[in-house]
1. For the chain, which whole percent of the accessible surface, found with a 1.4 angstrom probe, sits on carbon and sulfur atoms?
2. Describe numerically, in nm with one decimal, the distance between label points set 7 Å from Cα along Cα→Cβ at ASN165 and at GLU43.
3. Report the Stokes-Einstein translational diffusion coefficient (µm² s⁻¹, integer) for the range 32-95, Rh taken as the Kirkwood radius over Cα pairs, at 25 °C with viscosity 0.890 mPa s.
4. Residue-wise, which Karplus ³J(HN,Hα) couplings in Hz belong to the range 114-127, taking 6.51 cos²θ - 1.76 cosθ + 1.60, θ = phi - 60°, and x for glycine or proline?
5. How large is ³J(HN,Hα), in whole Hz, for each residue of the range 141-157 in order, when computed from phi with the Karplus curve 6.51 cos²θ - 1.76 cosθ + 1.60 and θ = phi - 60°, using x for Gly and Pro?
6. With point charges of +1 on the Cβ of Lys and Arg and -1 on the Cβ of Asp and Glu, referenced to the Cα centre of the chain, which listed residue (SER160, ASN72, ALA121) lies farthest in the positive direction of the dipole?
7. What nm distance separates the two modelled labels at LYS55 and GLU140, each placed 7 Å from Cα along Cα→Cβ?
8. Calculated from the structure, mean projected area of the Cα convex hull in nm² equals which of (i) 12.7; (ii) 11.9; (iii) 11.3?
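The values are calculated or read from the model by the stated rules, or taken from the named source; none is laboratory data. All of these numbers come straight from a predicted model, not from anything done at the bench. Reconstructed Cβ throughout: ideal geometry from the backbone, glycine too, with neighbour counts over all protein chains shown. These area figures cover heavy atoms from the full protein model, side chains too; ligands, DNA and RNA do not enter into them. Shrake-Rupley method; radii C 1.70, N 1.55, O 1.52, S 1.80 Å.
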Amino acid sequence: MSRRTTPAALALGILVLAAPALAALKVGAKAPGFSAPAYLAGEPFTFKLADALEKGPVVVYFFPAAHTPGCNLEAHLFSEAIEEFKEHDATVIGLTAGNTDDLAAFSKETEHCGGKFPVGADTGAKIARQYDAILDKKPEWSDRTSYVIDRSGKIAHVHSDLNPNRHVAETLAAVKALAP
């Protein structure tokens, strides 16, 4: 007896493989605390989630690697919208486990972050693992997953999609929804 794949089974398989990864941290979960070496406009410092939460909500967006097309676009989109995030006292930080040696330049280049928000090095993807933001095809790199963390340290919104186009709109809408 031969096994044949039906068109419906094939279509279902394609849909499952094409679906974006779903982040394990759910809305309402406590966000894992972290600190990371980071750069803002090329200047090194240590980013601490706890310190940022004292000022307001925090957008933590994980991206695969600096100086790659999707990540370049995503960083640029966040830099264009940064003033809107600041209007709501939100801090934005990008974290990556890929190309961490390039982060100082990436943080200041106009076509990327433009010195408007920090990017942090997640060497070994330790933070990404805590946030279940690991790239399936390259587990030493972060996936493209964005979290909005409210002032109490709880996850308020999650958006996980390798396509960088919706991350800014999704997280900005979530930050605005937190406003009293």
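1. Carbon and sulfur together cover 56 percent of it.
2. 3.7
3. Numbers: Rh = 12.6 Å.
Using the Kirkwood radius from Cα pairs, D works out to 195 µm²/s.
4. So the J values, rounded to whole Hz, are x, x, 8, 8, x, 10, x, 8, 10, 4, x, 6, 5, 5.
5. 10, 7, 7, 9, 9, 10, 10, 10, 10, 7, 4, 7, x, 9, 5, 9, 7
6. Highest projection toward the positive end goes to SER160.
7. 3.3
8. Calculated mean projected area of the Cα convex hull in nm²: the matching label is (ii).
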